[in-house]
Amino acid sequence: MTRPSEISNSYYQRLLTIVSMAAAGVPFLLIGFGFLVKYGALDNSYYAGDTIFYAISLGYLICSLTEIRYIVTRTNPSLASYIILSIAFHILGILFALFVCGVYSPFLFAWIIMAVSVDIYFGFIATLLSDLSLAATCFIAYLMHPGLSSQDQLNMMISLVFITAASLAMALLRETNDAERLDLAKTRDRAAFQRERLLTLINSMGDAVVTTNQNGEITVYNAATLSLLDTNKNLQGTTIDDALILKNVAGKRVKILSEAEKRKRMFSRTDLVRNLENGETMNLYINVAPVQPSYHTEGERGYIFLLRDITKEKSLEEERDEFISVVSHELRTPVAIAEGTISNLMILQDKGAAKTMVQTAAKDAHEQILYLAKLINDLSALSRAERGIGSDAEIIDLNSVIQDIYKEYQPRAAEKGLSLDLEINAKLPQLQTSKLYLEEIMQNLMTNAIKYTREGGITVIISQQKSNLQIAFRDTGIGMSSADQKHMFEKFYRSEDYRTRETSGTGLGLYVCKKLADKLKVSLTFVSRLNHGSTFTITIPKNLIIEGSQLPERPSLPTGFVMTH
């Protein structure tokens, strides 16, 4: 049995209200009709007396007032209340037909209302039982009044057939309509469920998804779209070209909807940019797919746009291409020089050239090999930093690291006639960071200081600044101009100063230092003045210093160290 509540609660309530109002009003109509029979205005051959009439009328009034109370208070009575009211109405109807008016006249309307009522409450089977009750009433009336005329018998049969046919027809029609409404409701629920599931899926995606109709008006979009467009506005009804202003690499406006209408197939582009309010640009990956109904079917057309910010990928791609190009160029020169020098060396040996000429050629080739080795080491360090290899933190004895740096570079400084001093203005604590990365930074800074200092010396100063520890490398070298300082940490950059060009270098040392410093979360700064030297400072934050750790006040240091407190 299909209950109206399964179809639509609002529909069920409206239908129930109409039937309840009719059921509440019919008893007053029948009581009025009974008074006409009582006083002889109508056929009173079935009238059995005032007592029975008043008793039936009182029962009708009780049932009617009960229905009215349900309507006024908007109360949904229980199923048991429905059953009791329906049985009461039918019993009163049977008694009214047998002892007041008979089974024809306005009573026909009353019985149809009862049949429709039980059909709504209990279904088609209840309607059949109601019609059987009417048939039984007609049969009992015939037995109670054997002297009925042929006309009365005919009227009784017509009444029975009419009421039965009308009630069954209405019941069947309602069952059909209810089944259609139920199918429609289920279809609507399935569509709503599928839409909610689709929206949940779209909102869970990291990429921006936008659907539009054929005119480009946005119908559905996900949260990632608002994030990509950096807005909280409602985009529904806005055209895709108004919400997404795109330009090509030449700076010309591109209307993506026009291109979609022109191509009429799925396509993607990665060459479009969107200008941001802060003056920067965003590179976008855009995939466009047309939405079309099945072949030979009608339906709404539109487009699905998949958007992704690829600014970082574009930047990395450009950096990679530039890196490959520059590395290829930087490798080509020393390889060519080394190859040519070694070839000359072989020729000189074959011709028995003087020993000094052979040694000069061998030295030139060796210098180029050393340059290549330095370049490969710098690239290896850069690769390790990019991949995070060697970044694991460990407890470092800073005093030991400084001693190792001093022992390694003091001979090189002495070879150039330079002094190498160390000033310690604080007790050296232990650090918890990557020893490999820290040593790489300090070695590069020390190498540059010695390389670009002709006279004077290099001083490494370790001091406490508030809660941070600073390691400064100060030299008396050639320094840097303001123009060069702007490019200090750029890869493969080398100053045009002729004094810089006198020494070999890859242009990667300071770039690697900056990368490693960022990985360690330490600060790398510099101060430089042309012809007066440079100072590079590593600032180690408090969180990398092990609290309470320190070395003895007078550690054993190599000759040349200066301890100050």
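Working carefully through the options 248, 283, 278, find the one that is more than 16 Å from residue 209 (Cα to Cα) and in contact with a helix residue (DSSP H, G or I) (Cβ under 6 Å, 6 or more places away or on another chain).
Working: 248 fails: in contact with a helix residue (DSSP H, G or I) (Cβ under 6 Å, 6 or more places away or on another chain); 278 fails: in contact with a helix residue (DSSP H, G or I) (Cβ under 6 Å, 6 or more places away or on another chain).
None of the other options fit; the residue is 283.
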>> Can you pull out every residue in segment 416-431 that is modelled with pLDDT of 90 or more and surrounded by fewer than 20 Cβ atoms within 10 Å (Cβ to Cβ)?
In response: 417, 419, 421
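Residue-by-condition table, conditions (1) touching an Asp or Glu at 6+ places or on another chain (Cβ under 9 Å); (2) part of a helix (DSSP H, G or I); (3) basic (Lys, Arg); (4) surrounded by fewer than 22 Cβ atoms within 10 Å (Cβ to Cβ):
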| site | (1), (2), (3), (4) |
| --- | --- |
| 438 | no, yes, no, no |
| 446 | yes, yes, no, no |
| 450 | yes, yes, no, yes |
| 455 | no, no, no, yes |
| 460 | yes, no, no, no |
| 464 | no, no, no, yes |
| 470 | no, no, no, yes |
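Filter segment 31-48 down to the residues that are in a loop (DSSP other than H, G, I, E, B) and touching a residue at least 12 places away in the same chain (Cβ under 8 Å) and list them by number. It would help to see each step written out before you state the result.
Here is the first cut: in segment 31-48, the ones in a loop (DSSP other than H, G, I, E, B) are 39-48.
Of everything in segment 31-48, those that are in a loop (DSSP other than H, G, I, E, B) and touching a residue at least 12 places away in the same chain (Cβ under 8 Å) turn out to be 42, 43, 45, 46, 47, 48.
Within segment 250-267, count every residue that is of a type in the set (Gly, Ala, Ser) and in contact with a Pro (Cβ under 7 Å, 6 or more places away or on another chain).
We begin by selecting, within segment 250-267, every residue of a type in the set (Gly, Ala, Ser); these are 250-251, 258, 260.
Of the ones still in play, those that are also in contact with a Pro (Cβ under 7 Å, 6 or more places away or on another chain) are 260.
Counting residues in segment 250-267 that are of a type in the set (Gly, Ala, Ser) and in contact with a Pro (Cβ under 7 Å, 6 or more places away or on another chain) gives 1.
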> Which of the residues belonging to segment 423-448 are more than 24 Å from residue 547 (Cα to Cα) and among the acidic types (Asp, Glu)?
Replying inline: 440
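Let's see how each residue does on (1) farther than 18 Å from residue 103 by Cβ; (2) modelled with pLDDT under 80; (3) acidic (Asp, Glu):
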residue	(1), (2), (3)
13	yes, yes, no
17	yes, yes, no
34	no, no, no
37	no, no, no
40	yes, no, no
54	yes, no, no
60	no, no, no
64	yes, no, no
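Which residue, of 174, 195, is part of a helix (DSSP H, G or I), surrounded by 16 or more Cβ atoms within 10 Å (Cβ to Cβ), modelled with pLDDT under 75 and charged (D, E, K, R)? Break it down stepwise before answering.
Working: 195 fails: surrounded by 16 or more Cβ atoms within 10 Å (Cβ to Cβ).
The match here is 174.
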>> Quick check on residue 456: is it of a type outside the set (S, T, N, Q) and modelled with pLDDT of 85 or more?
In response: yes
> Taking segment 232-250, which residues are of a type outside the set (S, T, N, Q) and modelled with pLDDT of 85 or more?
Replying inline: 233, 235, 237, 240, 241, 242, 243, 244, 245, 246, 247
>> Cβ contacts < 7 Å: first residue in the same structural domain as residue 257 (by TED's automatic domain parsing), restricted to segment 232-243; second residue aromatic (Phe, Trp, Tyr), any location; separation 6+ or different chain. Result?
In response: 235/221; 240/305
>> Being part of a helix (DSSP H, G or I), among the hydrophobic types (A, V, I, L, M, F, W, C) and touching a residue at least 24 places away in the same chain (Cβ under 8 Å) is the filter here; which residues of segment 390-436 pass it?
In response: 398, 401, 402, 405, 413, 436
>> Checking residue 388 against (1) at positive phi; (2) modelled with pLDDT under 85; (3) in contact with a Ser or Thr (Cβ under 7 Å, 6 or more places away or on another chain): exactly one of these is not met. Which one?
In response: (3)
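The values are calculated or read from the model by the stated rules, or taken from the named source; none is laboratory data. Keep in mind that this is a model prediction, so the values were computed, not measured. Quick reminder, even Gly has a Cβ in these numbers, built from the backbone with ideal geometry, and neighbours come from all protein chains shown.
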